[in-house]
1. Could you list all residues from the range 4-53 that are over 23 Å from V205 (Cα atoms), out of contact with any strand residue (DSSP E or B) (no Cβ under 7 Å at 6 or more places or on another chain) and assigned to a loop (DSSP other than H, G, I, E, B)?
2. So for the range 103-116 (the condition being more than 17 Å from the chain's Cα centre (by Cα), closer than 25 Å to V156 by Cβ and loosely packed, with under 15 Cβ neighbours inside 10 Å), does at least one residue qualify?
3. Name the single residue that is modelled with the lowest pLDDT among those in the range 182-229 being within 28 Å of G107 (Cα to Cα), of a type in the set (S, T, N, Q) and out of contact with any Ser or Thr (no Cβ under 6 Å at 6 or more places or on another chain).
4. Report yes if some residue within the range 136-148 is in contact (Cβ under 8 Å) with a residue 60 or more places away in the chain and not acidic (D, E); otherwise report no.
5. Looking at V138, V125, V157, which is the one that is touching a Gly at 6+ places or on another chain (Cβ under 8 Å) and either under 19 Å from V212 (Cβ atoms) or at pLDDT below 95 (or both)?
6. Out of the residues in the range 172-229 that are among the small types (G, A, S) and touching a Phe, Trp or Tyr at 6+ places or on another chain (Cβ under 6 Å), which is farthest from D137 (Cα to Cα)?
7. Can you say whether G210 is in contact with a helix residue (DSSP H, G or I) (Cβ under 6 Å, 6 or more places away or on another chain), surrounded by fewer than 20 Cβ atoms within 10 Å (Cβ to Cβ) and not aromatic (F, W, Y), as far as the supplied structure shows?
8. With the structure loaded, tell me whether F159 is surrounded by 15 or more Cβ atoms within 10 Å (Cβ to Cβ), of a type in the set (F, W, Y) and part of a loop (DSSP other than H, G, I, E, B) or whether it fails that test.
Amino acid sequence: MKNYEVNLVQMEGLVVQAAKGGARLIVLPELATCGYSFMSEDEARPFAEPVEWGRTARAMAELCSSLDVHVVYGFIEDGEDGKLFNAQALVGPGGVRASCRKLNQWGNDYLWASVGTVSPPVTMVEGKRVGLLICRDVRDRSDSLSDLYEAGDADVVAFSANFGDGAFPSGSWIKFAKRNRVHFVVSNRFGREENNNFGAGGICVIDPDGRVSCRGLEWGRPCIVYGEV
């Protein structure tokens, strides 16, 4: 949805609810702050913000500090030389810990976003190695980089997605978790947005053996699925 105020309120509400339910690492969807279906840079730019000092980063850092949690979310990054990026950030009580930019573009990405050039980072969070990943990057290759992850690189990968209307769970998610021996935390959007239909959504936690946990999943509405690592 292209309404930042509404989206931020909903993001904050879900973080609070998840934290009260015992979550320590909370993952939100791709471009959670603004929606996906921008038709040009000019249309996307009003929603762009810097990684570390943007409004969303400040709001999430404040929540993380009060709740003692970490949050991953997708947003439009206002980057160098005025470039815009489909980006993802990991925020903790002390502020932004890490961020990445989408490498494998799809659909509306081609209309407004520049392509990332660096593999996603891995950051220590409460004794676990946490990696980042955005939607189509689950395919694990880009034009300029070879495999993004290998087994042993991370314990957990936080996956923010707009995966579209299709089978749930995606075989590519399970393949990624098994190949890289990670717990794969999937946060996926739902609903119709202008020229895109994301369907009923579907979120889950996939363990390194490929077993899928989706207890708490509700189709076509905001919900929270919990998993243990």
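The values are calculated or read from the model by the stated rules, or taken from the named source; none is laboratory data. Keep in mind the model is a prediction, meaning the values are calculated, not measured. Every residue, glycine as well, gets a Cβ built from its backbone with ideal geometry; the counts of neighbours run over all protein chains shown.
1. Matches in the range 4-53: F38, M39, S40, W53.
2. Checked the range 103-116: no residue is more than 17 Å from the chain's Cα centre (by Cα), closer than 25 Å to V156 by Cβ and loosely packed, with under 15 Cβ neighbours inside 10 Å.
3. N197
4. No, the range 136-148 contains no residue that is in contact (Cβ under 8 Å) with a residue 60 or more places away in the chain and not acidic (D, E).
5. When all the criteria are applied, what remains is V157.
6. Taking the range 172-229 first, the residues among the small types (G, A, S) are 172, 177, 187, 191, 199-202, 210, 213, 216, 220, 227.
Now restrict to residues that are touching a Phe, Trp or Tyr at 6+ places or on another chain (Cβ under 6 Å): 177, 191, 200-202, 220.
Working: A177: 13, G191: 21, A200: 21, G201: 18, G202: 18, G220: 24 Å.
Here the answer is G220.
7. On the way: in contact with a helix residue (DSSP H, G or I) (Cβ under 6 Å, 6 or more places away or on another chain): yes; surrounded by fewer than 20 Cβ atoms within 10 Å (Cβ to Cβ): yes; not aromatic (F, W, Y): yes.
So G210 fits the description; yes.
8. Answer is no for this residue.
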